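Heads up, the thing below is written out as structure tokens.
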Amino acid sequence: MSVEDLAGQMPSPENGEMLKRGVRPFAVSYKGKSVLVDLPGYYPAGDGDGVHIGKDMDVVDQALREIKEEVDGLPSPATIRRIRRIRTKLKLSQREAGQIFRVGESAFDKYERGLIEPSGPTIQLFRMLDRHPELVEDLRSF
């Protein structure tokens, strides 16, 4: 078999069967809420588990974050981007925002990199400040 014939294929690590690159529906569930996503990977000709490499699972991670945002009120990457946009609109550095919100000087760096989730009250206060940016001055005085 030539290299060209192997493009888009790989042997199964379990049984050596040739798996072909493709997409299959995959259910992502959390606390009773489910969504179907198209999951890329290497799959057998019939039914069976696939092999996922590289960024294949990103679609599952994204769907799970969106479900958690809906079910638990946790922010998705879109919410994280919104926090950065609002912080910039308010002309606050990450450090200054952390001090004003009393969440620690490096908290906004971690929020904006998706390392930790902001608390519900932090998100709500940021939404309020987006609508009423003049209130940031009141927060500075506390």
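Only one of the listed residues (Gly50, Gly73, Gly54) is modelled with pLDDT of 90 or more and either more than 30 Å from Met18 (Cα to Cα) or touching a strand residue (DSSP E or B) at 6+ places or on another chain (Cβ under 6 Å) (or both). That residue is Gly50. Could you identify the single residue in Arg87, Arg24 that is within 30 Å of Arg131 (Cα to Cα) and basic (Lys, Arg)? Exactly one of Arg87, Arg24 is within 30 Å of Arg131 (Cα to Cα) and basic (Lys, Arg), namely Arg87.
Which ones in region 96-114 are in contact with a Lys or Arg (Cβ under 7 Å, 6 or more places away or on another chain) and over 20 Å from Ala78 (Cβ atoms)?
Initially, region 96-114 is screened for residues in contact with a Lys or Arg (Cβ under 7 Å, 6 or more places away or on another chain), giving 97, 100, 105, 108, 112.
Passing the criteria: Ile100, Glu105.
Do we have any residue at all in region 30-43 that's touching a His at 6+ places or on another chain (Cβ under 6 Å) and surrounded by 13 or more Cβ atoms within 10 Å (Cβ to Cβ)? Scanning region 30-43, I find at least one residue that is touching a His at 6+ places or on another chain (Cβ under 6 Å) and surrounded by 13 or more Cβ atoms within 10 Å (Cβ to Cβ), so the answer is yes. Report yes if Gly104 is more than 27 Å from Asp58 (Cα to Cα), among the small types (Gly, Ala, Ser) and surrounded by fewer than 14 Cβ atoms within 10 Å (Cβ to Cβ), otherwise no. The answer is yes for Gly104. Restricting Ile67, Ile86 to those that are among the hydrophobic types (A, V, I, L, M, F, W, C), at pLDDT 90 or above and either buried (at least 16 other Cβ atoms within 10 Å of the Cβ) or under 9 Å from the mean Cα position of the chain (by Cα) (or both) reduces the list to Ile86.
The values are calculated or read from the model by the stated rules, or taken from the named source; none is laboratory data. Here the structure is a predicted model, which means the values were calculated and not measured. Methodologically, a virtual Cβ is constructed for each residue, glycine included, from the backbone with ideal geometry; neighbour enumeration extends over all protein chains shown.
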